[in-house]
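Student: Below is the structure I would like to discuss, written out as structure tokens.
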Amino acid sequence: MRVWDVAAGYLSRQSLLGEHRELHGLYSILIHDKVGYSRHPETIRWVGCANALVRRHDLLAAEMRLRGYHDRTPLASDARRRTRWPASFVTSPIDQFLLLDSKYAAGTVGRIRLPRTTQDLWAQHKYSVMARDPDCYRDLGRRAARLKGRAGFPELSRDLVAILRQRPPRGPLANAVEHMWGYVARDAARAERHEAHRSLEALLQVTAALAMRRAEPYLVASTALSELSIYLRNRM
């Protein structure tokens with residue numbers, strides 16, 4: 001049993017659907033006090049964090065939609081409780097990347113290729129960070145620019161997991177989506193431009209569709225392309 005902490009965009013189709021299945025099993029254990037796997041380390045760390053587990057499910061579902069799959073088993077969070085994330089990892093983020101690298105050695109890849117350097121890792125997360133805190137975005141960008149190879153990778157990977165667990169404020173979120181739109185706006189048809197400007201949610205949806213269709217390399221390799229959508233659905 002495993003629920004990954006790294007962004008869902010890194011997972012292959014098999015890993016993505018496999019985590020989705022196991023997450024539902026874990027949720028059932030937590031909500032219905034089932035005995036099976038109740039003492040598993042992955043189960044234990046999610047005790048008291050059901051709303052965060054629902055958030056992780058939403059992130060998986062968003063990535064599935066981006067790749068053309070459909071989630072027919074939504075989970076509902078308890079609006080009365082705050083979203084509390086696990087305080088620990090069964091496997092640290094850097095070791096999760098190493099595990100995925102080993103699993104995908106035969107050539108299987110996710111939407112986002114696994115980062116080979118700390119610079120890769122930062123580039124893949126930069127719009128997700130911009131959507132949450134522009135000051136943090138600038139500070140991490142300067143920090144990453146000074147790092148060579150995989151120097152600082154363990155620390156940055158852990159920091160990015162924590163940052164992406166935060167709900168993005170409306171202003172920075174809109175700013176990040178508009179930056180992303182700039183990469184594909186020139187390729188949008190008239191009808192797509194009209195649809196994109198209907199709402200912020202629509203702007204991200206059209207941006208994501210164009211990025212995937214045109215295989216725009218920078219956006220296809222961005223965690224933000226799917227994860228930001230969960231904060232815009234039914235929000236407008």
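The values are calculated or read from the model by the stated rules, or taken from the named source; none is laboratory data. All values derive from a computational prediction rather than experimental measurement. Ideal geometry is used to build each Cβ from the backbone, glycine not excepted, and the neighbour counts take in all protein chains shown.
Student: Select from the stretch 77-133 the residues that are of a type in the set (A, V, I, L, M) and outside any loop (DSSP other than H, G, I, E, B) and write down the one among them that is farthest from residue 10 (Cα to Cα).
Tutor: Restricting to residues being of a type in the set (A, V, I, L, M) and outside any loop (DSSP other than H, G, I, E, B), the top hit is 130.
Student: Still on this structure: So, in the stretch 5-49, exactly how many residues are part of a loop (DSSP other than H, G, I, E, B), in contact with a Pro (Cβ under 9 Å, 6 or more places away or on another chain) and surrounded by 16 or more Cβ atoms within 10 Å (Cβ to Cβ)?
Tutor: Summing the residues that are part of a loop (DSSP other than H, G, I, E, B), in contact with a Pro (Cβ under 9 Å, 6 or more places away or on another chain) and surrounded by 16 or more Cβ atoms within 10 Å (Cβ to Cβ) in the stretch 5-49 gives 3.
Student: Could you tell me whether the stretch 77-98 includes any residue that is surrounded by fewer than 17 Cβ atoms within 10 Å (Cβ to Cβ), closer than 27 Å to residue 208 by Cβ and either in contact with a strand residue (DSSP E or B) (Cβ under 7 Å, 6 or more places away or on another chain) or of a type in the set (Lys, Arg) (or both)?
Tutor: no
Student: Scan the stretch 67-81 and report the pairs whose first residue is not assigned by TED's automatic domain parsing to the domain that holds residue 227 and whose second residue is among the aromatic types (Phe, Trp, Tyr), with Cβ atoms within less than 8 Å and a gap of 6+ or a chain change.
Tutor: 75/27
Student: With within 16 Å of the chain's Cα centre (by Cα) and either closer than 20 Å to residue 53 by Cα or in the same structural domain as residue 84 (by TED's automatic domain parsing) (or both) as the only criterion, which of 232, 225, 204, 156 stands out?
Tutor: Result: 232 is the single residue among 232, 225, 204, 156 that is within 16 Å of the chain's Cα centre (by Cα) and either closer than 20 Å to residue 53 by Cα or in the same structural domain as residue 84 (by TED's automatic domain parsing) (or both).
Student: Do we have residue 98 as free of Cβ contacts under 8 Å to residues at least 40 places away in the same chain, in the same structural domain as residue 59 (by TED's automatic domain parsing) and out of contact with any Phe, Trp or Tyr (no Cβ under 6 Å at 6 or more places or on another chain) here?
Tutor: Judged against the criteria, residue 98 is a match.
Student: Within the bounds of the stretch 180-189, is there any residue that is assigned by TED's automatic domain parsing to the domain that holds residue 226, touching a residue at least 12 places away in the same chain (Cβ under 8 Å) and out of contact with any Leu (no Cβ under 7 Å at 6 or more places or on another chain)? First the steps, then the outcome.
Tutor: Applying the first criterion (assigned by TED's automatic domain parsing to the domain that holds residue 226) to the stretch 180-189 yields 180-189.
Okay, now just the ones that are also touching a residue at least 12 places away in the same chain (Cβ under 8 Å), so 180-181, 183-184, 187-188.
The next check asks that each one be out of contact with any Leu (no Cβ under 7 Å at 6 or more places or on another chain); those that pass are none.
Among the residues of the stretch 180-189, not one is assigned by TED's automatic domain parsing to the domain that holds residue 226, touching a residue at least 12 places away in the same chain (Cβ under 8 Å) and out of contact with any Leu (no Cβ under 7 Å at 6 or more places or on another chain), which makes the answer no.
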